[in-house]
Amino acid sequence: MEVGAELSRLDDILRETVMAIKDSQQQISSIAEDARCEAARLSRELEKVRGEALAIIDKVDAARQEEQRSRLYLMQVSRDFRHYDEEEIRLAYGYARDIQVRLIVLTEKEKDLRSKRDELERSLRNVTRLLSRADALSTQVGVALDYLSGNLEQLSRTIGTVQEKREVAIRIIKAQEDERRRVARDLHDGLAQQLAGAILGLEVAQKLLEDNSQRAKRELISVEQIIRSGLRETREVIFNLRPLSLDNLGLQAAVGKLISQIQERTDARILLSVHGEEREIDSTTLSCLFRIIQEALNNVIKHANATEIKVRLEFSSEFLAVQVIDNGCGFDLPPEGAWTADDEHLGLVGMRERAELIGATLKIDSRPGLGTRVFLHLSQVMGTEGVD
Ligand SMILES: Nc1ncnc2c1ncn2[C@@H]1O[C@H](COP(=O)(O)OP(=O)(O)OP(=O)(O)O)[C@@H](O)[C@H]1O
Ligand SMILES: [Mg+2]
């Protein structure tokens, strides 16, 4: 299985895990909510029972004192029965018994309320413990969820990057193949033909040398011309592979040379204007900038049918700006974000990718009949350095 598919499977697993944990978190929240309601109910009930227990304790205290008093009175009546008649003694007994019964009832009630209170306190403690555990668990699950969701985003980003990198790698390989094919074609059509022609010319000259030295000389002159033109073409091929002037002389010189090379192949007037002082630019940035300008110019020559092309380079301490403007036929640009390379059209996408690579902004303005403007803006901090 390829990395992209594996990562995507991992992404699915993580997504399912996150959903399962979210579900658990909801269940925990609902348990916590129930426990909170139960705790509130128990607290109210406990408050009530505590109040009732206090009231009963007061009543039991009062009844106990009264019972003591009734017992003392009964003792006094029974000891001193000459001063009290039978009715009074009977009443004292009855009173003491009633009080005793009341005390027993109240004490029972007090016992009941006390045990009810203890029971409620125990339940409340349990529910509170459950509640705090549910809250802690919910927090922990929340943290885990945040962590996993973060990882999920990270994973999605990784998947995106892996896929993007693959696509970029494929495009780079394809671009290399295209470049090799182009070099092979250039060498085949140019230098190889010219060398073949030169050999033929030399053979003819050799044969003519003794009999007709004048014709041999003319033949040799034409061989020289062929070789000169071959040399020029070889230099062009080398320049297109990697302009030496780019590293040695910088962007302005390389673009100047590119323009004079293109000028030989077109009737359109190409004007180069340079503003500010060129500063040292690192090699990758330099070649990306050059390739973007080269593709913009190639596009003008290939498609625009322009009569005038303006190339403007602006160097400043804060930025570097490039403009390639033509007055040709223009074209309908694909909407933003819909630039895709197909087998035939790699140029615009390549320009955009190179701009992204060096952190530059690329903007293309074009409309049928109104020419095309290519703007490239590179902030000096990104990839370029001052020489001072
Ligand atoms: N300056 C321009 N003027 C008019 N049309 C243009 C210009 N630049 C680009 N185009 C149009 O945009 C299309 C896409 O350009 P792009 O550079 O991506 O591909 P291409 O030039 O056709 O092929 P490739 O660059 O891969 O050799 C071109 O085919 C052309 O129709
Ligand atoms: Mg192109």
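The values are calculated or read from the model by the stated rules, or taken from the named source; none is laboratory data. Fair warning: this is a prediction, and the values are worked out from it, not measured in the lab. As a convention, Cβ positions derive from the backbone with ideal geometry for all residues, glycine included, and neighbour counts pool all protein chains shown. In case anyone asks, the SASA skips ligands and DNA or RNA and just uses the protein heavy atoms, side chains included. Shrake-Rupley method; radii C 1.70, N 1.55, O 1.52, S 1.80 Å.
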Would you confirm whether any residue within the stretch 18-39 is surrounded by 12 or more Cβ atoms within 10 Å (Cβ to Cβ) and more than 30 Å from SER132 (Cβ to Cβ)? no
Mind listing just one residue for me: the one in the stretch 339-365 that is among the small types (Gly, Ala, Ser) and within 13 Å of ligand 2 (Cβ to nearest atom) and, of those, modelled with the lowest pLDDT? ALA341
Cβ contacts < 8 Å: first residue within 20 Å of GLU52 (Cα to Cα), restricted to the stretch 84-110; second residue of a type in the set (Val, Ile, Thr), any location; separation 6+ or different chain. Result? LEU103/VAL60; LEU106/ILE56; LEU106/VAL60; THR107/VAL60; LYS109/ILE56; GLU110/ILE56; GLU110/ILE57; GLU110/VAL60
Enumerate the pairs (first residue in the stretch 68-81 and under 14 Å from TYR95 (Cα atoms); second residue anywhere and aromatic (Phe, Trp, Tyr)) with beta-carbon separation below 6 Å, excluding pairs fewer than 6 apart on the same chain, so at least 6 apart or on different chains. SER70/TYR95; VAL77/TYR84
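Would you mind finding the one in ASN299, ASN305 that is within 16 Å of ligand 2 (Cβ to nearest atom) and on the phi > 0 side of the Ramachandran plot?
Details: ASN299 fails: on the phi > 0 side of the Ramachandran plot.
It is ASN305.
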Among the residues of the stretch 306-326, count how many are open to solvent by 40 Å² or more (accessible area, probe 1.4 Å) and at pLDDT 95 or above. 6
Count - residues of the stretch 108-166 that are at pLDDT below 85 and among the basic types (Lys, Arg): 3
Of the conditions (1) open to solvent by less than 20 Å² (accessible area, probe 1.4 Å); (2) within 15 Å of ligand 2 (Cβ to nearest atom), the single one that LEU289 does not satisfy is (2)
Does the stretch 173-210 hold any residues that are at pLDDT below 80, aliphatic (A, V, I, L, M) and loosely packed, with under 12 Cβ neighbours inside 10 Å, and which are they? ILE173
When SER24 is evaluated against the numbered criteria (1) over 59 Å from the mean Cα position of the chain (by Cα); (2) in a helix (DSSP H, G or I), which criterion, by number, is the only one it fails? (1)
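Looking at the structure I just gave you, is ILE226 touching a strand residue (DSSP E or B) at 6+ places or on another chain (Cβ under 9 Å) and open to solvent by less than 60 Å² (accessible area, probe 1.4 Å)?
Values: touching a strand residue (DSSP E or B) at 6+ places or on another chain (Cβ under 9 Å): no; open to solvent by less than 60 Å² (accessible area, probe 1.4 Å): yes.
Against the criterion (touching a strand residue (DSSP E or B) at 6+ places or on another chain (Cβ under 9 Å) and open to solvent by less than 60 Å² (accessible area, probe 1.4 Å)), ILE226 does not qualify.
Which ones in the stretch 249-271 are in contact (Cβ under 8 Å) with a residue 40 or more places away in the chain and surrounded by fewer than 14 Cβ atoms within 10 Å (Cβ to Cβ)?
Keep residues of the stretch 249-271 that are in contact (Cβ under 8 Å) with a residue 40 or more places away in the chain, which gives 251-252, 255, 259, 267-271.
Within the stretch 249-271, ASP267, ARG269, LEU271 qualify.
Please count how many residues of the stretch 133-151 are open to solvent by 70 Å² or more (accessible area, probe 1.4 Å) and not aromatic (Phe, Trp, Tyr).
Initially, the stretch 133-151 is screened for residues open to solvent by 70 Å² or more (accessible area, probe 1.4 Å), giving 133, 137, 139-140, 143, 146-147.
Next cut, not aromatic (Phe, Trp, Tyr) only: 133, 137, 139-140, 143, 146.
Of the residues in that region, 6 qualify.
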Count of the stretch 111-132 residues which are touching a residue at least 60 places away in the same chain (Cβ under 8 Å) and open to solvent by 40 Å² or more (accessible area, probe 1.4 Å): 6
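Based on this model, can you work out whether LYS217 counts as open to solvent by 50 Å² or more (accessible area, probe 1.4 Å), in a strand (DSSP E or B) and away from ligand 2 (no atom under 16 Å from the Cβ)?
Numbers: open to solvent by 50 Å² or more (accessible area, probe 1.4 Å): yes; in a strand (DSSP E or B): no; away from ligand 2 (no atom under 16 Å from the Cβ): yes.
For LYS217, the condition - open to solvent by 50 Å² or more (accessible area, probe 1.4 Å), in a strand (DSSP E or B) and away from ligand 2 (no atom under 16 Å from the Cβ) - is not met.
Among the candidates VAL274, VAL237, VAL300, which residue alone is surrounded by fewer than 16 Cβ atoms within 10 Å (Cβ to Cβ) and modelled with pLDDT of 95 or more?
Only one candidate qualifies: VAL274.
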Could you give every pair whose Cβ atoms fall below 6 Å, whose first residue belongs to the stretch 289-313 and is touching a residue at least 60 places away in the same chain (Cβ under 8 Å), and whose second residue is of a type outside the set (D, E, K, R) and near ligand 1 (Cβ under 7 Å from one of its atoms), counting only separations of at least 6 or pairs across chains? ASN299/GLY347; ALA304/GLY328; ALA304/CYS329; ALA306/VAL300; ALA306/GLY328
